[in-house]
Amino acid sequence: MTIPDASATADPASVPAADVFDPAALAAWEARCAAFARSCAPADAAHDDEHLRRVVTNARRLAQEEGARLEVVLPAAWLHDCVAVAKDSPDRPRASRLAAEKAVAWLAQEGYPAGWLPAIGQAIAAHSFSAGIPPESIEARVVQDADRLDALGAVGIARCLVVGGQLGRPLYCPAEPLPQPGGRPVDDLAYTLDHFPAKLFTLAATMQTAAGRTEAERRTAFMRGWVEQLLAEIPPADTPSAG
């Protein structure tokens, strides 16, 4: 799929008046998008229905603060994970493009106004951290921030631990629980705790909106405190192990 330039499409001045929904029509479309999204099998326990609800809630709030069009933001937020690709799959970087294709095809089939579709597709494709696709509109920036916020804070910690457990990864390296300068390299494919310095602690700096960045920094501070507490509870490496 060629990801289109969505910046002009998301401009209200470029969209026919008939394609701008009143609240009731938007709510009806949102319900249809939610139902379709929930019919798609999740990639893992961290990308379940509740993840979708949290991302949509984040996206709605950021859209209101940033002046983004809900006709783009809400379908993109509900459908951003409609193609499931496992976290440890080599195809993971393609997941958001595949989801964009599937979502846009479904919306077109259902009769969603064509003027919004390129912006929706681009917002879905650009939401992924691993895809590395820059967001081209305020709507895409909102959706990307909304998804990344759900990887932070208390929920982000819980999701990280759930996925690590599902993949069978140990929580931490006993010899060096968190990589230190001059120590072992960060390896979040081997240890769940390494995912914090490898990715989660970097997300606040990638936020695309002012409101998203403020919330990301607050949630990251909470995570850093949790990691510090965890490290304080881990016995030294030279403590004898059971058995």
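The values are calculated or read from the model by the stated rules, or taken from the named source; none is laboratory data. Source: prediction; values computed, not measured. Cβ placement follows ideal geometry from the backbone for every residue including glycine, while neighbour counts extend to all protein chains displayed. When the accessible area is computed, the model is the full protein with side chains, heavy atoms only, and any ligands, DNA or RNA have been set aside. Shrake-Rupley method; radii C 1.70, N 1.55, O 1.52, S 1.80 Å.
Residues CYS40, CYS33, ordered by accessible area of protein heavy atoms at a 1.4 angstrom probe radius and largest first, appear as CYS40, CYS33.
Picking from VAL85, ALA46, ALA99, whose Cα lies most toward the positive end of the charge dipole for region 40-106 (charges on Cβ: Lys, Arg +1; Asp, Glu -1)? Checked the options; the winner is ALA99. A Gaussian network model of the chain, with springs between Cα atoms under 10 Å, assigns the largest mean-square fluctuation among ASP49, ASP22, ASP194 to ASP22.
Using +1 on the beta carbon of Lys and Arg, -1 on that of Asp and Glu, and nothing else charged, what's the dipole of the chain about the Cα centre, debye to 20? Don't skip to the answer; put the middle values down first.
Details: 22 positive and 31 negative charges, 29 e Å.
Using only the charged Cβ atoms, the result is roughly 140 debye.
Take TYR191: with every protein chain present and a 1.4 Å probe, its accessible area is about 60 Å². Solvent exposure of region 128-243 amounts to 49 Å² per residue of accessible area, where only protein heavy atoms count and the probe is 1.4 Å. Charge dipole of region 131-243 (Cα centre as origin; +1 on each Lys and Arg Cβ, -1 on each Asp and Glu Cβ, all else neutral): 80 debye, rounded to the nearest 20. Using a Gaussian network model of the chain in which every pair of alpha carbons under 10 angstrom is joined by a spring, one finds that among ILE138, ILE124, ILE157 the greatest mean-square fluctuation is at ILE157.
Using Cα springs under 10 Å in a Gaussian network model of the chain, which residue among PRO170, PRO197, PRO185 shows the largest mean-square fluctuation? Greatest mean-square fluctuation among the candidates belongs to PRO185. The share of accessible area on region 100-243 that comes from carbon and sulfur is 57 percent, using a 1.4 angstrom probe. Computed extension gain for ALA210 through THR57, at 0.36 nm per residue and net of the alpha carbon distance, reaches 53.4 nm.
Take the Cβ atoms of PHE201 and ALA41, set R0 to 35 Å, and the FRET efficiency comes out at 0.70. Subtracting the Cα-Cα distance of SER130 and ARG92 from their residue separation scaled by 0.36 nm leaves 12.9 nm. In plain terms, the chain from GLU233 to ALA28 could stretch by 68.9 nm, reckoned as 0.36 nm per residue minus the Cα-Cα distance. Just the protein heavy atoms count here, and of the accessible area of region 26-70 at 1.4 Å, carbon and sulfur take up 51 percent.
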